[in-house]
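Reviewing the structure listed below.
What follows is calculated from the coordinates using simple rules that are stated; it is not laboratory data. Every value quoted in this text rests on a predicted model; they were computed, and no experiment measured them. Cβ placement follows ideal geometry from the backbone for every residue including glycine, while neighbour counts extend to all protein chains displayed.
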């Protein structure tokens, strides 16, 4: 029988620079099963996709209990390791972050993303010492090596500070977060090859980037030394775009051409047979 610890060790081993772990982020059990069937090595949640599906805007507003519920259902439905996007930890305090970590592990997760973005404040990011303390609390709650703690740095995604200093700020944050106990570093918002290459050299840990339609392909990112590539909320956004197109077509034209190529009832139902 494969245990959660077995899955945690397997997930950790998938982070190898030059041979990136590809994560097509899911937001519900059906999308998780489809990603698994497509040949994934692991399942990752997207906080934005999950929030939208539950009627909440993205940005640390979802709440930990709903995340625990979703992760529990995903982990029960797939055989693969599951890593959860817990935004900034769903707590104002490091101790609360630790509680979130314990809860998400109990739900079946073997990895988490925890970000340094700060919502509802004049400052876009938490101060480095504060975020390092939160990551240390996550590490303490997780133990070693049961949970892969992926520290997300939002300097580029939120365009913080002087662009000329952004790279140095990112590297400094990465060093502090790794010292606090993070296992990997996630820098969304940057896919420029030169910058990515500098990050892979300057960060002594697996680097995770966020990819989308305008990003370099997987082979190029692998060549730059990237260890993990996430699609984030883009798949959920594309799925919802189809909902919008199909509904608008039916309401305005009275036709259904947007529905061509969809999965059949049987194909979807068989995911849970």
Using only DSSP helix segments of four residues or longer, with each worth -39500 (n - 2.57), what per-residue ellipticity at 222 nm results for the chain after dividing by its residue count and rounding to 500?
-13500 deg cm²/dmol
In the Gaussian network model of the chain, springs joining C-alpha atoms below 10 Å, which of 90, 177, 156 carries the largest mean-square fluctuation?
156
To the nearest 10 degrees, how steep is helix 234-252 against the longest Cα principal axis of the chain, on a 0 to 90 scale?
30
Give the Debye-formula value of log10 I(q)/I(0) at each listed q (0.17 Å⁻¹), with one equal scatterer per alpha carbon of the stretch 75-165, two decimals each.
-0.71
Using a Debye calculation, one point per C-alpha and no hydration shell, please list log10 I(q)/I(0) for the stretch 129-273 at q = 0.16 Å⁻¹ in order.
-0.90
Quick check: pseudo-label points 7 Å beyond the Cα along Cα→Cβ at residue 243 and residue 271, how many nm apart are they?
1.4
Roughly speaking, what is the centre-to-centre gap between the stretch 237-273 and the stretch 192-236 when only Cα atoms are used, to the nearest Å?
31
Rounded to the nearest 10 degrees, the helix 193-202 long axis (Cα) sits at an angle to the longest Cα principal axis of the chain of 50
With 0.36 nm assigned to each residue of separation and the Cα-Cα distance removed, residue 3 to residue 259 gains 88.1 nm
Just to confirm my numbers, what's the Cα centroid distance between the stretch 6-56 and the stretch 106-146 in Å?
19
Output ordering of 63-71, 98-106 (per-residue mean of other Cβ within 10 Å, highest first) is 98-106, 63-71
Where the Cα atoms of the chain are projected onto their three principal axes, how long is each span, largest first, in whole Å?
56, 46, 38
Relative to the longest principal Cα axis of the chain, at what angle does helix 64-77 sit, 0 to 90 degrees, rounded to 10?
60
Between residue 250 and residue 217, how high is the FRET efficiency from 1/(1 + (r/R0)^6) when r is the Cβ-Cβ distance and R₀ = 35 Å? Nearest 0.05.
0.50
